[in-house]
1. When DSSP beta bridges are limited to those with both residues in the protein assembly as shown, what percentage is antiparallel, rounded to the nearest 5?
2. Where a ≥ b ≥ c are the square roots of the eigenvalues of the C-alpha gyration tensor, would you call the stretch B:1-119 rounded, which needs a/c under 1.5, or, failing that, prolate if a/b is larger than b/c, or oblate?
3. Which percentage, to the nearest 5, of the DSSP beta bridges contained in the stretch A:231-410 is antiparallel?
4. So what's the net charge close to A:Ile305: Lys and Arg +1, Asp and Glu -1, counting the other residues with Cβ under 10 Å from its Cβ?
5. When the Kirkwood radius is taken over all Cα pairs of the stretch A:270-319, what Stokes-Einstein diffusion coefficient follows at 4 °C and 1.567 mPa s, in µm²/s?
6. Mind listing which GluC sites (Glu not before Pro) in the stretch B:1-84 are in a DSSP loop and have 12 or fewer other Cβ atoms within 10 Å?
7. For the stretch A:360-414, how big is the tail of P(r) above 14 Å, as a whole percent of Cα pairs?
8. Output needed for the stretch A:218-276: three equivalent-ellipsoid semi-axes, defined as square roots of 5 times the C-alpha gyration tensor eigenvalues, in descending order, whole Å.
Amino acid sequence: MWSKKAVAVAGGAIFLTLAGLIRLNYMFISAGLVMLTFVVLSSFLDVWMPNVVVRRETSSDNIFEDGSINVKFLIKNTGLGLGFVEIYDKLPPQARITKGSNYTLLYMKPWQEVSFEYSLKLSLRGHYHLGPVRMRVKDAFDLFYNEKIEESIHSFSVFPQIEILEEQVITSRAPKLLSGSMPLNLIGSGTEFYSLREFVPGDSLRSVNWKALAKKGKMMVNETVREDVMDVILLLDAREVSAVGGGRDTPLEMSCRAAATYAKQLLDERNNVALMTYGDSIKRVDLDRGEHHLFKILTSLSSVIPEGNLKLEIVLKDLLPYIPSGSPIILFSSLDDDHTISEAFTNTISRGYTITTLSPSSLDFEEKMKRIPLQPLLIARIERENMISEIRSFGMSIGDWKADEAVNTALQGG
Amino acid sequence: MEEIKTKKSRIPQINSIINYKDFFGEYPLIFAIKIISSIAMFYVIYEFYVYHNPLDSLITKYAPKVIANFRPDPNIFVTWGFIAGFCFYIFTLFKGKYKLLIIILTLAIVGQYISDPALDWQVGEYVIPAKVETNGDAEQTQWKWKPVKITFDDKEGTNERIADAKNRLSNIIFGIVPFLGAYGIWKRKGWAIAASVGLVIIIGFLYNPNLCLENYDATYCGYDTIEKELTWKEYLSGGIFIGLGFVIYIELSYAAIKYENYAEQFKPAGLDSSLLSDVQKKSVAKTLRTLFVSYLINLGVMLFITFSVAEIVININYYLSTTEGRIQDSIELQGPYGIVFTSLIFFMLLGLLRMFIGAEYDIEEN
């Protein structure tokens, strides 16, 4: 293909030649012919252009927010030609290159194999892809080139960032058949000490407290707190209103990070976790456990987009029949633009469920972006405080989560 | 613990005055390419004006009616046009208020230089300001300023300086070509390089051999009689070198821009220097060296082949038009139309050849 430069040089050369004929200027004619000869001869250079094969390798398929992904390109000339090669890997607009470059210019010799690397960082959850790779094999003077678009697409997900929770704040009233790590304040098989009692036939010798035997002169056994598994429901508010703010500073992004953190913690403790998101419709990742399930939840959280305006009362009415009775529900919502919250809580609590709420404050973002005047902001703050007080009055735990706070501290004092 | 307060120096740092890093760049190779392309540009434009005497230009026919003593000399305007272009580039490197300061200083110096002979300051007897008696009455006093009067002393001197300045400035008419070339190479502006080449074509278009003698005397033109015309073969041979010179100028200045852009991509937006480590810089420098050496080899080979082919084409035409036979009867073949005709046939044959030995492009069928 002709490049713009080739067209300009050839056009200039033809003009020079014609101008030379009109003005009878031999200098113009010969200069024009020299430039034209240069262009024509350069067109022959692509006969010896290299035959290039490109392969992309990435360090991982999925990363967490603010994580880096390393990309390595292996470029091989499989022919005897030699020439200049330009390679450009298309990146998502949200990506920031932290090392190297996604563009390179190389001079390839026959059978030569070279590589180049770059690293990129993505600070916002979602599904992204690298590619396609645009490759140009061209002559030294950028006059003629062959362009090839390699449909080498590498899809990857950026999961919400996970924090380490320092303490367990969720408890359940519904014991399960399988033992887990959630303390239920009942005697059972666990690791935490509960009390001492006399040995009865059938007790395992491993549970005998030998120090107590030496002290009291009779066989005593340790009793432990029963630890069990729970069915925990993570309910995420993904309504359009949850996208107030910008970038990572939106209630939705904060909720996703919190949901990922809780999911990781609960699944690590061998609980069953379900994720339900509501906005335009209700999307569910059903109860399950294990590493694979965490992956499913994180993938689902990466896909969440703010849309719709389903009210919490309707959502809970729809969902409660499918939630095992007594299971704790953790709600991640800014509680904005929803007049059904009180009714929703009343109905849910009356049916034996507990709701723990983590509420990122959208007002902080509005204030930060100076989109709300002072007076309405004060009124909105009062309304929010009233809402939080009302939920607390139901005996439910709620965390008023400020923008600059960690997930860890969100429920403290709630 | 007591907080250590660092006192901010009143003298601004050189970085905040001028972006000197843009001049030297991060890679010596790119700096070298710019110097080479500047030399190539200077040489080719100088040679162009040797062949296209600006005194024989249509511009020179009419310009003296507006500008007194207009007499363009390539020895002056090529050098000063290049220096002016380079100085303008240096000016663009200054930051913010320093640019304004330079403009004000330049205007003040030029203004002072021009007005100096004409203006004379006559100063009165009072000290500034002084309390003096009015109407010879000791009781009646008044504050008075020392009278300062501007008198026009030597208007002719100033007029001469204005004419001299206009005359010097008129060099930019032909000097715009090296001005734009120098600015384009150092500031990495492709449009400026393209404009300089375009202006060369326009100026060449306005050239008429011996036009000067038709309008002015021999003293002005610098030659007594109409010079003997060069043969068309001599002109063509000279033109080949001019053509090659332009190819070198265009290619090298374009290469300077291309390789500098390659290095620039490692520079985060808004910063004057890249964040690459020394090892990474060495790696980039090595890549640039490999690219440029390969490029130079390609350019050298291509220029040699271009020169040989151009010589062949011209000589074939010369041979055809001078050998015995029916073909020499064609008057057009011996002139400029003949050389263009022969060349077009040659290019047509090259095109045919290209059809058979070029890479094959398969059309994908839907």
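What follows draws every value from the coordinates through simple rules; no lab data is involved. Note that the coordinates shown come from a computational prediction; the quantities given were computed from them, not determined experimentally. We place every Cβ from the backbone using ideal geometry, glycine too, and count neighbours over all the protein chains shown.
1. On the way: 74 of 97 bridges.
Roughly 75 percent of the DSSP beta bridges within the protein assembly as shown come out antiparallel.
2. Details: a/c = 5.10, a/b = 1.61, b/c = 3.16.
Taking the square roots of the gyration eigenvalues as a ≥ b ≥ c, the stretch B:1-119 is oblate.
3. Working: 6 of 26 bridges.
Counting only bridges with both partners in the stretch A:231-410, antiparallel ones make up about 25 percent.
4. Values: positive: none; negative: A:Glu240, A:Asp280, A:Glu307.
With Lys, Arg at +1 and Asp, Glu at -1, the net is -3.
5. Working: Rh = 11.7 Å.
Estimated via Stokes-Einstein, D reaches 111 µm²/s.
6. Working: sites: B:Glu2, B:Glu3, B:Glu26, B:Glu47; in loops: B:Glu2, B:Glu3, B:Glu26.
Of the GluC sites (Glu not before Pro), the ones in loops of the stretch B:1-84 whose Cβ has at most 12 other Cβ atoms within 10 Å are B:Glu2, B:Glu3.
7. On the way: 872 of 1485 pairs.
Of all Cα-Cα distances in the stretch A:360-414, 59 percent exceed 14 Å.
8. Numbers: eigenvalues 303, 25, 11 Å².
One finds semi-axes of 39, 11, 8 Å for the stretch A:218-276.
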